[in-house]
Amino acid sequence: MGSRSLFDPLVDAYDAARPSYPDALFDDLERLTGRPIAGADVVEVGAGTGIATRELLGRGARVVPFDIGAGMLGRLRARTPGIPAALGDGEALPLRAGVADLICYAQAWHWMRVPVAAAEATRVLRPGGALAVWWNDVDAEDERWWQRQQDRLEAMSPGYTRGYRTRPYADELRWTGQFAEVVTLAGRWVRRLDVDTYLTWLRSKSYVAAIGDQEQDFLDAERRSMLRAFPDGVIEEPFRTLLVVARRP
């Protein structure tokens with residue numbers, strides 16, 4: 001039986017080059033949920049290789065991570081031995097009602113059917129608990145290298161559009177009627193990485209994998225483009241981090 005996850009075949013690239021999240025995001029998360037991360041019972045859905053998992057653990061949370069990909073969870077367990085990670089779908093979590101203070105989706109909520117996953121989150125949350133969803137998105141619309149990359153992706157990756165994650169996430173959660181309040185915060189940060197790591201980061205993306213036989217052509221074009229934009233080989237990649245927190249009544 002094949003994996004349910006598009007990302008299991010990409011686990012090595014994902015683990016090697018996906019960015020983590022700025023400290024400010026977790027400070028904002030505590031402020032918007034009205035409680036410290038330390039001591040919280042956290043369910044993390046779409047945990048992947050554990051990038052956000054390790055950040056939450058490092059801040060003292062008790063975390064149970066879920067993912068639909070056995071390969072991704074295998075890497076998470078290898079990086080974080082002893083953690084109670086399990087296969088699980090965010091639309092049907094294998095958990096009793098009212099067991100979590102916080103449910104997190106880091107870089108994963110856009111894969112969910114919002115009404116179904118929101119109802120499941122409110123079932124698993126304790127009264128007053130919160131659903132938190134967040135993303136790192138490249139914030140380079142004004143950069144020629146990014147526009148050239150998006151042109152290539154739209155031409156080469158079936159169904160890809162550069163605005164695929166531009167959605168009214170907070171409104172979608174409000175419209176479910178499940179939450180007492182929904183708040184959004186955004187922040188910006190920059191990471192620096194070499195060209196080879198940058199290309200590994202591109203290979204970790206499902207829509208790059210979808211290019212298929214022409215993927216190496218795409219990556220070769222990206223290498224040339226990035227070295228034109230960053231001749232010293234050190235790429236400065238700007239991100240916008242979006243955090244949406246929905247509080248259960």
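The values are calculated or read from the model by the stated rules, or taken from the named source; none is laboratory data. Predicted model only: the values in this text are computed from it and were never measured. Methodologically, a virtual Cβ is constructed for each residue, glycine included, from the backbone with ideal geometry; neighbour enumeration extends over all protein chains shown. To get the accessible areas, we keep the full protein, side chains included, count just its heavy atoms, and leave off ligands, DNA and RNA. Shrake-Rupley method; radii C 1.70, N 1.55, O 1.52, S 1.80 Å.
Looking at the range 21-31, can you tell me whether even one residue there is without any contact (Cβ under 8 Å) to a residue 60 or more places away in the chain and either among the basic types (K, R) or part of a strand (DSSP E or B) (or both)?
yes
For residues that are surrounded by fewer than 15 Cβ atoms within 10 Å (Cβ to Cβ) and among the aromatic types (F, W, Y), scanning just the range 162-206, find the one that is nearest to L227 (Cα to Cα).
Y164
Quick check on the range 74-93: of everything there that is in contact (Cβ under 8 Å) with a residue 12 or more places away in the chain, assigned to a loop (DSSP other than H, G, I, E, B) and open to solvent by 30 Å² or more (accessible area, probe 1.4 Å), which residue is nearest to T166 (Cα to Cα)?
Looking at the filtered set, the residue picked out is E91.
V45 versus (1) closer than 18 Å to L131 by Cβ; (2) open to solvent by less than 40 Å² (accessible area, probe 1.4 Å); (3) in contact with a helix residue (DSSP H, G or I) (Cβ under 7 Å, 6 or more places away or on another chain): which is the lone unmet condition?
Every condition holds for V45 apart from (3).
Would you say T241 is β-branched (V, I, T) and either part of a helix (DSSP H, G or I) or free of Cβ contacts under 8 Å to residues at least 24 places away in the same chain (or both)?
Taking the combined requirement at face value, the residue does not satisfy it.
Within the range 51-59, does at least one residue satisfy the condition of being on the phi > 0 side of the Ramachandran plot, of a type outside the set (V, I, T) and in a loop (DSSP other than H, G, I, E, B)?
Scanning the range 51-59 turns up no residue that is on the phi > 0 side of the Ramachandran plot, of a type outside the set (V, I, T) and in a loop (DSSP other than H, G, I, E, B).
Checking W145 against (1) over 27 Å from R192 (Cβ atoms); (2) more than 20 Å from the chain's Cα centre (by Cα); (3) among the hydrophobic types (A, V, I, L, M, F, W, C), which single condition isn't satisfied?
It is condition (1) that W145 fails.
In the range 156-172, is there at least one residue being within 19 Å of the chain's Cα centre (by Cα), within 24 Å of I103 (Cα to Cα), part of a strand (DSSP E or B) and touching a residue at least 24 places away in the same chain (Cβ under 8 Å)?
No; the residues of the range 156-172 include none that is within 19 Å of the chain's Cα centre (by Cα), within 24 Å of I103 (Cα to Cα), part of a strand (DSSP E or B) and touching a residue at least 24 places away in the same chain (Cβ under 8 Å).
If you take the residues of the range 60-73 that are among the aliphatic types (A, V, I, L, M) and part of a loop (DSSP other than H, G, I, E, B), which of them is nearest to G128 (Cα to Cα)?
Ranking the candidates gives A61 first.
Scanning the range 125-152 for residues that are hydrophobic (A, V, I, L, M, F, W, C) and touching a Ser or Thr at 6+ places or on another chain (Cβ under 9 Å), which turns out surrounded by the most Cβ atoms within 10 Å (Cβ to Cβ)?
Restricting to residues being hydrophobic (A, V, I, L, M, F, W, C) and touching a Ser or Thr at 6+ places or on another chain (Cβ under 9 Å), the top hit is L131.
Within the range 214-228, is there a residue that is free of Cβ contacts under 8 Å to residues at least 60 places away in the same chain, touching a Phe, Trp or Tyr at 6+ places or on another chain (Cβ under 6 Å) and not in a loop (DSSP other than H, G, I, E, B)?
No.
What number of residues within the range 94-140 satisfy the criterion of being aliphatic (A, V, I, L, M), within 15 Å of T166 (Cα to Cα) and assigned to a strand (DSSP E or B)?
Adding up the residues that qualify gives 2.
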